[in-house]
Amino acid sequence: MEQRALQAFFAPKTVAVIGASATPGKVGNAVVANMLAAGFKGRLYPVNPKGGEIEGIAAARTVGELPGGIDLAVFAVPRDQVLPEFETLAGRGLKSAIVISAGFRETGREGFLLERRLGELARRHGVELLGPNCLGMMNTAHGINASFSASQPIKGDVAFCSQSGALCVAILDWARGENFGFSKFVSLGNKAVLNEADLLAYLGDDPASKVIMGYMENVENGEAFVRTAREVSRNKPVIMLKAGSSNAGAKAASSHTGAIAGSDEAYGAAFRQCGVIRAPDMASLFALAEAFASLPLPRGPNVAVLSNAGGPGILAADACERTSLHMARLSPETIQRLQADLPPYASVYNPVDIIGDAGADRYRKSLETVLGDPLVHAVLLLIAPTGMVEMEATATAIAQIVRRADKPVVPCLLGRAHGGIGRDILRRAGLPCHAFPEPGLRCIEAMYAYAQWRQKPVPVYEPPRRDLDMARRIVETALAEGRQEISGFAARELLRAYGLSTLDTTLARSSREAVAAARAFGGVVALKLASPQILHRSDVGGVVLGLAGDDAVRSAFQTLTNRAARLRPEAEVTGCLVQAMAPEGAVGVVMSMRRDEQFGPLLMFGLEGVHSQILGDVSHHLTPLSRDEAFGMIRSIRAYLLLKGLGGEPAANLRAIEDALLALAALAQDFPQIFEAELDPVLANGDGAFVAEARLTLRT
């Protein structure tokens, strides 16, 4: 991985603040004050046209008075002053910059053009640029707070980046209240140069950062992000909260930072493929970060619930069943030890109920016993604030055990008022602490999923055998003729170039030709209306299946063409396609490709009809696609068992379906001119998979 040289950005020895101010409450004053309050030990150069002193430091009147080779310059001046000041410093060896100033891409065309010029200047001079329209950056390990935040972050081992500056301010305030610390804290803003992929590359090798998390509205180069995140995630967890997953959110994200939010399905596929943990909301984002930063990863899915109250233990068991985790079956040795240590009316099976009068010593012994069980991979620890719980001593004992355990223990202090002391003790020990069992279980589930992902072998991509010359002729001919679509016989020829099987099909321009074609196929056939203007035949009832005999074929041809003339009189009907029927016992599946603007070709797979169209039972994957990943796409849909053969039905040829997905992925990568492709249906039985219909849209 090519890593940017961001040392001067994150650990500068000289920092200039352009637009520094002596007036408290102004951005330029806050940046200088924050740098001093953070304990910055390098040289700080405030720049203000009036000169004088700012926070006790003599200010330069112009950037021309500054020495050359400044490590970091922070711009807090009106938008129209940014470019000339930036260009002057860039020409004198500036290494990195933060542009806090707003009014760029997020405001419209004029701002967009200014931001583009700013980015070009930075790249031309090799300046690492953060922003514009951002809060700034903080590095607690080096005493850096180059931001206008109202508070200083607590030192920790979690790195955070965000596109929203206002969200950064709120998070910093929340984190101080929860004693949550950061190693690095970066507000990305409009990302004219530096983006998430650049930060991931740096933070992946940052010894001060155990966990990387962030808030994301869009990515500028999705394929670079996936490559970088996949490599970084192998070594440390990356947790992201993606905004703009709804139509309303995507629109708001676009107006917020001038970003195109992109397809949520593509982001979901990208995160899964590169090992990024996707947080569903803000609360989960920080709960996950706490768990990953302070606890070891579980080596399996088995969870033990330890509680001093029966009801919460039962609720936790119910919640566990709704996840991919399992309630652990305790070993006989563990049960015997618990029986020896606990009152006779305690429950020694999972969930383990140590009774409401449990004190610190009973919690300690029970937790050590359960952790020692080789069948237990993680423990969810529940404490109801009874009068006998000895909250301070219990929390202290738990913290000591958890810190040295090689299995994750997630404590949950039920309630609020009486658990404050225990919660503070656990927080000071750097441990997560939840008010309810469900968030704790979700953390364990995410940690187990991440542990599994890290053990997966690196995908091996082997493109299928294909006739590229033949495929290129078909695509180039369509483009030369000005067509926006490849369908019908041309589409079948293109798919055959990639080794796919198609059903025998011919065009009949009259009922007599239809009868002759059906006889030639020698069996039951289907008739499908042929019209370049009618893309979805089902809209006009344009398909008849299972036709046997001359009379049935002749009648169907006349019915279809007459119906089209009545319902779509403007459409040109060229006749009907006569197609061999699907093989015996075939199941219809649908697969498609759409080129996402951020991530490239996005594949979709599902069962034909109600499963995909109504129930949304589909899977997605970005190209490239390996054979293992193709099988994963097939297996991840809920209707997978129908393909395996359910209720005595024959199983479909899964290998042939994989081949079709691999061919579609290769086709998308070979021809960027193809914007969309749809294979619907693909009919699969035990012998193979046969494409019945295909349509490809070209980017003209």
The one condition in (1) over 30 Å from residue 672 (Cα atoms); (2) in a loop (DSSP other than H, G, I, E, B); (3) without any contact (Cβ under 8 Å) to a residue 40 or more places away in the chain that residue 407 fails to fulfil: (3)
Residues satisfying the stated conditions in region 149-183, i.e. farther than 26 Å from residue 424 by Cβ and modelled with pLDDT of 95 or more: 161
Subset of region 328-385 [within 20 Å of residue 303 (Cα to Cα) and among the acidic types (Asp, Glu)]: 333, 353, 368, 373
Single unsatisfied condition, residue 560 versus (1) loosely packed, with under 12 Cβ neighbours inside 10 Å; (2) at pLDDT 90 or above: (1)
When residues of region 614-654 are limited to those that are among the acidic types (Asp, Glu) and in contact with a His (Cβ under 7 Å, 6 or more places away or on another chain), the one surrounded by the fewest Cβ atoms within 10 Å (Cβ to Cβ): 617
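Of the residues that sit in region 645-658 and are of a type outside the set (A, V, I, L, M, F, W, C) and assigned to a loop (DSSP other than H, G, I, E, B), which one is modelled with the highest pLDDT?
Step one: filter region 645-658 for residues of a type outside the set (A, V, I, L, M, F, W, C), giving 645, 647-650, 653, 655, 658.
Then keep just the ones that are assigned to a loop (DSSP other than H, G, I, E, B); that gives 645, 647-650, 653.
Values: 645: 82, 647: 69, 648: 70, 649: 77, 650: 84, 653: 93.
Of everything passing the filter in region 645-658, 653 is modelled with the highest pLDDT.
Given the structure, is residue 573 touching a strand residue (DSSP E or B) at 6+ places or on another chain (Cβ under 9 Å) and of a type in the set (A, V, I, L, M, F, W, C)?
Working: touching a strand residue (DSSP E or B) at 6+ places or on another chain (Cβ under 9 Å): yes; of a type in the set (A, V, I, L, M, F, W, C): yes.
Judged against the criteria, residue 573 is a match.
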Residue in region 107-118 that is under 23 Å from residue 11 (Cα atoms), assigned by TED's automatic domain parsing to the domain that holds residue 19 and not aliphatic (A, V, I, L, M) present: no
3 or more residues in contact with a Leu (Cβ under 8 Å, 6 or more places away or on another chain): qualifying helices (runs of 4 or more DSSP H) within region 308-378: 310-321, 360-371
Neighbours by Cβ (under 8 Å, 6+ apart or cross-chain): first from region 491-508, in contact (Cβ under 8 Å) with a residue 24 or more places away in the chain; second part of a loop (DSSP other than H, G, I, E, B) and polar (S, T, N, Q): 507/574
Enumeration of residues in region 596-611 that are within 26 Å of residue 461 (Cβ to Cβ), out of contact with any helix residue (DSSP H, G or I) (no Cβ under 7 Å at 6 or more places or on another chain) and buried (at least 18 other Cβ atoms within 10 Å of the Cβ): 604
Count of residues meeting criterion [among the small types (Gly, Ala, Ser), touching a strand residue (DSSP E or B) at 6+ places or on another chain (Cβ under 8 Å) and at pLDDT below 90] in region 496-524: 1
Filter pass, residue 91 being more than 21 Å from residue 136 (Cα to Cα) and over 40 Å from the mean Cα position of the chain (by Cα): no
Meets criteria (assigned by TED's automatic domain parsing to the domain that holds residue 37, surrounded by fewer than 24 Cβ atoms within 10 Å (Cβ to Cβ) and touching a residue at least 40 places away in the same chain (Cβ under 8 Å)) for residue 173: no
Filter result for residue 545 (within 47 Å of the chain's Cα centre (by Cα), buried (at least 16 other Cβ atoms within 10 Å of the Cβ) and not assigned by TED's automatic domain parsing to the domain that holds residue 488): no
Candidates 342, 285 - the one that is of a type outside the set (Asp, Glu), in the same structural domain as residue 167 (by TED's automatic domain parsing) and surrounded by fewer than 22 Cβ atoms within 10 Å (Cβ to Cβ): 285
Residue count for region 587-618, restricted to those that are under 19 Å from residue 651 (Cβ atoms) and in a strand (DSSP E or B): 8
Condition met for residue 423 (in a helix (DSSP H, G or I), surrounded by fewer than 24 Cβ atoms within 10 Å (Cβ to Cβ) and at pLDDT 90 or above): no
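For the structure I just gave you, tell me whether residue 352 is in the same structural domain as residue 441 (by TED's automatic domain parsing), at pLDDT 95 or above and either closer than 24 Å to residue 293 by Cα or surrounded by fewer than 14 Cβ atoms within 10 Å (Cβ to Cβ) (or both). Outline the logic, then answer.
Values: in the same structural domain as residue 441 (by TED's automatic domain parsing): yes; at pLDDT 95 or above: yes; either closer than 24 Å to residue 293 by Cα or surrounded by fewer than 14 Cβ atoms within 10 Å (Cβ to Cβ) (or both): no.
Taking the combined requirement at face value, the residue does not satisfy it.
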Unique residue being assigned to a helix (DSSP H, G or I), under 18 Å from residue 496 (Cβ atoms), in the same structural domain as residue 613 (by TED's automatic domain parsing) and in contact with a His (Cβ under 9 Å, 6 or more places away or on another chain) when the list is 667, 661: 661
Where residue 20 falls short, out of the listed (1) surrounded by 15 or more Cβ atoms within 10 Å (Cβ to Cβ); (2) closer than 18 Å to residue 53 by Cα; (3) out of contact with any Gly (no Cβ under 9 Å at 6 or more places or on another chain): (3)
In region 396-444, the residues that are more than 28 Å from the chain's Cα centre (by Cα) and of a type in the set (D, E, K, R): 403, 404, 406, 416, 423, 424, 427, 428
Conditions (1) among the β-branched types (Val, Ile, Thr); (2) under 23 Å from the mean Cα position of the chain (by Cα); (3) farther than 21 Å from residue 101 by Cα; number of the one not met by residue 193: (3)
Test result for residue 444, hydrophobic (A, V, I, L, M, F, W, C) and over 30 Å from residue 321 (Cα atoms): no
Unmet requirement for residue 115, which otherwise passes all of (1) crowded, with 21+ Cβ neighbours inside 10 Å; (2) over 20 Å from residue 197 (Cα atoms): (2)
2 or more residues in contact (Cβ under 8 Å) with a residue 60 or more places away in the chain, touching a Phe, Trp or Tyr at 6+ places or on another chain (Cβ under 7 Å) and in the same structural domain as residue 189 (by TED's automatic domain parsing): qualifying strands (runs of 3 or more DSSP E) within region 1-79: 14-18
Some residue of region 151-159 being farther than 19 Å from residue 29 by Cα, crowded, with 24+ Cβ neighbours inside 10 Å and free of Cβ contacts under 8 Å to residues at least 60 places away in the same chain: yes
Residue within region 524-535 that is part of a helix (DSSP H, G or I) and either hydrophobic (A, V, I, L, M, F, W, C) or closer than 19 Å to residue 691 by Cβ (or both) present: no
Any chance residue 84 is closer than 25 Å to residue 201 by Cα and not in a strand (DSSP E or B): no
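The values are calculated or read from the model by the stated rules, or taken from the named source; none is laboratory data. As the structure is a prediction and not an experimental result, all values here were calculated from the model. Here Cβ is always computed from backbone atoms with ideal geometry, including for glycine, and neighbour counts include all displayed protein chains.
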